[in-house]
Amino acid sequence: MSDKYKDTFRVLMIDQHFPDAPYITFSRFDAADQVRRCKDAAIDSLHVTTKCHWGHSYYRTETGLMHPALKGRDMVGELVAESRRAGIEAIAYYCILFENLAARNHRDWRFITKEGKPAIRNELFGATGADSWRWDMPCFMTGYRQYCLDQIAEIAAGYEFDGLFLDIFALGSDQRINVCHCAACLARYAERGLDPHSDDPQMKFALVKHWMANWAEFLLEIKGVLRDHRPGMSVSVNGGPFYEPWSVLKELSWPYSEGGENPHNSVVLRGLGLGSPQCGIPCGNDAYDAWPPDLVKIMTSTVLAHGCRTFFFFLQGRLGDGTFEESKYDFVRRINEETAAKQEYVKDAEPLKAAAVYHSEATWMEYGSRDCRTRHAGNIQVAIDAFRAVSIPCEFLPSWRIEPADLDPFQLVVLPEQKCVSDREAEALARYVERGAPSWRPATPERSTTRRGPGRTSPWPICPAWTTRGFARSTARSTSAATCASTSMPSSESCARPITS
Ligand SMILES: [Zn+2]
C-alpha cells in the first residue's frame, strides 16, 4: 500500500471543468511548466483532473470523450510524468455525480427526481445565478456505474498515479439529492419493498439507509478495480461525515472535506478515527477579490494546528490558452513555505481531550430523510464553536467511536439534538457516566476550567449562552441519554417517531 499521502501536507488541486473551445483551447498548455511552478510553490501532492463535471476526459479514453480542445493530446499523461520527475505525489481526480455528457447522451442513465424530472444540480441545491453552470446528474445504479468503473480501470492501468480522489461522491443524506426515481431504481425499490413516494418516517429513513449502502458498495467495487489494475493506490472522496456514511469513510485511505475556512471542519475530520486527514482551504477561488493572503495563512495555520494536511483548490485561474494565472502559484508558495516549517510538529499530534460533541449517524440520516441534514451539521458545528469560543478543547465524537477507550478521556460528552440514539449507544454513554461522572461548570471569567470528578453525579448547570441549539447530557442514574433541549428553538423539532439505527 502506498503511504506517500501520510507525508504530503501541501496539496493542490487545479480544479478544471471546461466546455469545448472557444471557451478553452489549451493552445499554450505546458505540463512541464505547470509542474515546475507547483514545485516552486512547495506543493508536494498534485491532483490531476482525469474527468470533469462536464464529462470531458483529459486522457486518451476508449470509454468516454476526450476534451475536444486537447486534439488528442494526453494532458493527464504529461502531468503525471512531470509530477513523478519532480517527486510530487500524483492523485487522479475523477468526478462521479456531476456529468453533463453521460446524463445528456444516455436518457436511461439520468438521476430522476421525485417529480419525475432529470436532476439538475442548480435546481436541487437551490443555487442561483451566482453559479450559472448547471450540472446534469446521472444515476450510478444504471449503466453509468460500469462506465465509471471502466474509466477508473483505464486511469489506474494507464498511468503511474499514487491515488484516486472521487469528487461529488455522495452528497449527504437528504432524500431529494439521494433517492433516485429512474426506472432501474424504481424496479429495485419494488423488489425490496421500498416505497419512494411514502411519507412514513420509517420508510423514508429506510430509503436513505438503502442509498448510503449503495454508495458504500460502489466504493468497494471501485477499490476492487484499483486492486486489479494498480494495487497500492490510495483512495479518498470529497466529503466528511455530513456527506458520507461511516460505511464509506472507513474504506478511505484518508478522509477529506472542504471547509477549512471554518475551524470546526478540521476538528470534525481529526475526530473520525482515520489517519492523515486533509482539509480543503478555498483560497484559490476567493483570494483574488475577497480574502487577503494573510487571512488564508490564518486558515491554513488553524487546519494544521488541528492535525490536518492542507489542500488548496483553484477553480478560477486557468486561462483560455491553457496556461495558469501566475500570481496564484506565488500566493500558495508564500503559505506553503510556512506550512513546510510547521508540519513536523503537527504530524500524528494527539489533541487534548476535554469536551466531546457527539455525532449520531442515525440522527444525521433521520434529518436527511426530512431533507434537512444541514440542520444536523449545524447543531454539531455550533456546539464545537461554542467550546472553542471559551478556549475549552473540544473534539468531534462520532457514533462509531463509543468504546471505553474512546469515551473515557473526555470530561464531558454533549449530544446536541442527537435524537436517534440506539440502545447500544445509550448503554455505552450510560456506562461512561457510571465509570466517573463528569463535573462541568459553565465558563465564566472567574471559572473557566472543566474537571472530572469520579463518582460525581450532581446536576450540572447549563450555561444559558450555550443552549441556543439545545444540549443533551447523560446522567449516572439514567439508562439512556436524555435530551435537554429548548423546545422553543426551531432546531428542536422532534422526530415524528423515534427511530433507532
Ligand atoms: Zn436511479
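What follows is calculated from the coordinates using simple rules that are stated; it is not laboratory data. Everything numeric in this text was worked out from a predicted model, so none of it was measured. All Cβ positions, even for glycine, are placed from backbone atoms using ideal geometry, and neighbour counts span all protein chains on display.
Structure above, values below:
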{"read-out": "Ranked Cys182, Cys372, Cys279, criterion: other C-beta atoms within 10 Å, fewest first", "value": "Cys372, Cys182, Cys279"}
{"read-out": "For segment 196-343: span of alpha carbons on each principal axis (Å, largest first)", "value": "51, 39, 36"}
{"read-out": "Cα gyration tensor of segment 147-196 - equivalent ellipsoid semi-axes, whole Å, descending", "value": "32, 15, 7"}
{"read-out": "Rg and Dmax [Cα atoms of segment 125-254; Å; Rg one decimal, Dmax integer]", "value": "16.1, 49"}
{"read-out": "Chain lengthening between Glu403 and Asp20 when straightened (0.36 nm per residue, less Cα-Cα)", "value": "132.6 nm"}
{"read-out": "Cβ-based exposure ranking for Met137, Met212, in which fewest neighbours within 10 Å come first", "value": "Met212, Met137"}
{"read-out": "Per-bin percent of Cα-Cα distances, segment 7-346 [20 Å]", "value": "30, 60, 10"}
{"read-out": "Flagged links, alpha-carbon separation over 29 Å, of Lys342/Lys419; Lys4/Lys71; Lys4/Lys419; Lys223/Lys347; Lys250/Lys419", "value": "Lys342/Lys419; Lys4/Lys71; Lys4/Lys419"}
{"read-out": "Order of Ser301, Ser234, Ser253 under a 10 Å beta carbon neighbour criterion, fewest first", "value": "Ser301, Ser253, Ser234"}
